[in-house]
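The structure under discussion appears below in the form of structure tokens.
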Amino acid sequence: MRQVTLTVNGRRRSAEVEDRDLLVDLLREKLRLTGTHVGCDTSQCGACTVLLNGAAVKSCAVFAAQAEGAKVTTIEGLAKPGGPLHPIQQAFHEEHGLQCGFCTPGMALTLHEFLRRNPDPADHEVRAALGGNMCRCTGYQNIVASALNAARKMRGTA
Amino acid sequence: MIPAPFAYHAPQSLREALRLLRAHEGEARVVAGGMSLIPAMKLRLAQPEHLVDIGGLSELSGVRRTDDGGVAVGACVTYRRLETSRSARAAAPLLAETVAQVGDLQVRNRGTLGGSAAHADPAADAPAALLALDAALRATGGARPRVIPAARFFLDAYETALAPTEILTEILIPKQPPRTGAAYLKFANKASRFAIVGVAAALTLDRRGVCSRARVAVTGAGPRPVRASATERWLTGRQPSQTAIGEAAARASRGMEFIEDVHGSEEYREHLTRVITRRALEEAARRAGA
Ligand code: FES
Ligand code: FES
């Protein structure tokens with residue numbers, strides 16, 4: 001076992017992990033942050049996406065030990081507890097960008113990185129950015145609408 | 001899915017990484033982004049006893065211009081960085097265009113150029129660009145540091161010229177001659193985005209618009225990425241007209257070995273090789289100003 005210390009959603013956290021434990025296991029099992037979902041466990045669906053030092057990554061394909069000293073943001077860290085939703089979450093709410101919601105945390109975090117770099121994206125750019133996030137409910141149309149709505153909100157033009 | 005147990009090492013320097021590799025020779029694997037190795041470990045297709053993580057080494061994470069006007073890319077530079085960095089795009093547009101087509105955003109955020117080369121997945125995109133650009137790969141940890149031309153680096157599926165104690169440190173891309181146009185096109189597996197067939201083409205034209213140099217490299221089609229030399233020979237010394245490109249592309253599969261899997265038969269890949277080669281050549285010729 002080894003001790004891993006990292007910053008999760010702005011808080012310093014430590015946990016004992018095995019070398020073969022994945023980052024998603026650390027988040028879900030040790031830190032009880034179950035908003036990060038495991039869909040495929042084979043790095044295809046993107047449900048486990050979190051931000052690792054600001055970059056969207058699939059936490060089922062990163063070992064917990066590799067996150068030593070890193071800054072991780074999960075869906076729980078997007079909005080303050082009790083405060084307003086993050087504009088991306090608010091946009092998903094308004095546009096019906098989710099049905100069962102299983103894929104939503106991963107979608108939101110991929111979009112978080114994408115919109116920071118591309119604040120005024122075209123429809124096809126959103127689709128390309130979400131290429132690694134699968135949704136088995138919505139048919140994607142409302143997710144793309146949510147992304148564009150979120151972009152408007154974050155630019156202050158909504 | 002839980003990988004077989006292993007010991008994780010995060011060396012602080014290349015020297016330390018090499019020492020670990022030597023100490024655990026035959027039982028250790030090097031990991032950088034881990035986008036291929038970690039899923040393989042979860043499926044227990046790979047069961048190294050030691051994992052040496054070089055992903056965090058800053059000495060392997062730089063992009064620099066070389067004296068000859070080319071670019072040297074550290075083995076642990078991510079696809080995302082190559083795709084978004086202005087200097088990398090300017091120095092090696094074909095490479096940037098190729099790696100932008102790898103997997104998805106999350107994979108490109110972790111996956112590295114060196115990792116792709118050293119893993120040598122026969123369906124990986126980057127090796128085609130490395131062959132078409134006459135790249136060379138710098139390795140250290142053997143009897144002496146060496147530079148291996150891309151054409152002699154990829155030996156077979158998942159097999160490279162690297163020795164088990166060697167680490168790939170840098171990828172050298174020479175400056176391309178003036179009036180060179182290049183393109184990477186692939187017919188991708190819709191789910192994984194791996195290339196069923198991918199073709200990187202680079203054409204150089206002389207003042208009269210005649211093709212003075214042609215580089216065409218094919219990935220995905222066979223057990224290893226290869227140059228389509230019959231196509232290159234045919235085009236060199238000719239104007240890259242629609243007809244000449246068609247003739248050249250028709251020769252793309254000559255002497256090539258094809259694989260068969262759930263995504264396509266040998267015949268299908270052979271056909272795709274010719275079609276994608278033609279399209280890549282057309283685009284490369286257009287970009288060269290033909
Ligand atoms: S659970 Fe990680 S990509 Fe599907
Ligand atoms: S809302 Fe159900 S998987 Fe996307």
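The values are calculated or read from the model by the stated rules, or taken from the named source; none is laboratory data. Keep in mind that what you see is a predicted model, and the values were worked out from it rather than measured. Using ideal geometry, Cβ is built from the backbone for each residue, glycine included, and neighbour counts are taken over all protein chains shown. Each accessible area value is taken on the protein alone, full model and side chains, heavy atoms only, with ligands, DNA and RNA left out. Shrake-Rupley method; radii C 1.70, N 1.55, O 1.52, S 1.80 Å.
For the protein assembly as shown, adding -39500 (n - 2.57) for each run of n ≥ 4 DSSP H residues and dividing by the number of residues yields -9000 deg cm²/dmol at 222 nm. Among A:Cys40, A:Cys48, A:Cys60, the largest mean-square fluctuation in a Gaussian network model of chain A (Cα springs under 10 Å) belongs to A:Cys40.
For a straight C-alpha distance cut-off of 24 angstrom, the lysines reachable from B:Lys42 (same-chain residues fewer than eight places away being disregarded) are A:Lys30, A:Lys58, B:Lys190.
Rounded to the nearest 0.05, the FRET efficiency derived from the C-beta distance between B:Val275 and B:Arg19 at R0 = 45 Å is 0.40.
In the stretch A:128-158, the residues whose accessible area drops by at least 20 square angstrom when the other protein chains are added to the isolated chain are A:Ala129, A:Gly132; the probe is 1.4 Å and only protein heavy atoms count. Computed from the Cβ-Cβ distance with R0 of 22 Å, the FRET efficiency linking B:Arg86 to A:Thr157 stands at 0.20. Interface residues of the stretch A:44-84, defined as those with an accessible-area decrease of at least 40 Å² between the chain by itself and the complete set of protein chains (probe 1.4 Å), are A:Lys58, A:Ala61, A:Phe63, A:Gln66. Taking only protein heavy atoms and a 1.4 Å probe, what accessible area per residue, in Å², does chain B have with all protein chains in place? About 43 Å² of surface per residue is accessible. Measuring nothing but protein heavy atoms, the accessible surface of the stretch B:1-136 at 1.4 Å probe radius is 48 percent carbon and sulfur.
May I ask you to list the lysines whose Cα is less than 30 Å away from that of B:Lys175, ignoring any residue fewer than eight positions away on the same chain? Straight-distance partners of B:Lys175: B:Lys186. Can you tell me the FRET efficiency between B:Ser192 and B:Glu59 if r is taken as the Cβ-Cβ distance and R0 is 25 Å, rounded to the nearest 0.05? That pair, B:Ser192 with B:Glu59, gives E of 0.20.
Backbone phi angles across the stretch B:210-227, fed through the Karplus curve with coefficients 6.51, -1.76 and 1.60 (θ = phi - 60°), yield HN-Hα couplings of 8, 6, 9, 7, 10, 10, 9, 10, 10, 10, x, 6, x, x, 8, x, 9, 7 Hz in residue order; Gly and Pro are listed as x. Between the stretch B:1-36 and the stretch A:1-30, the C-alpha centres lie 20 angstrom from each other.
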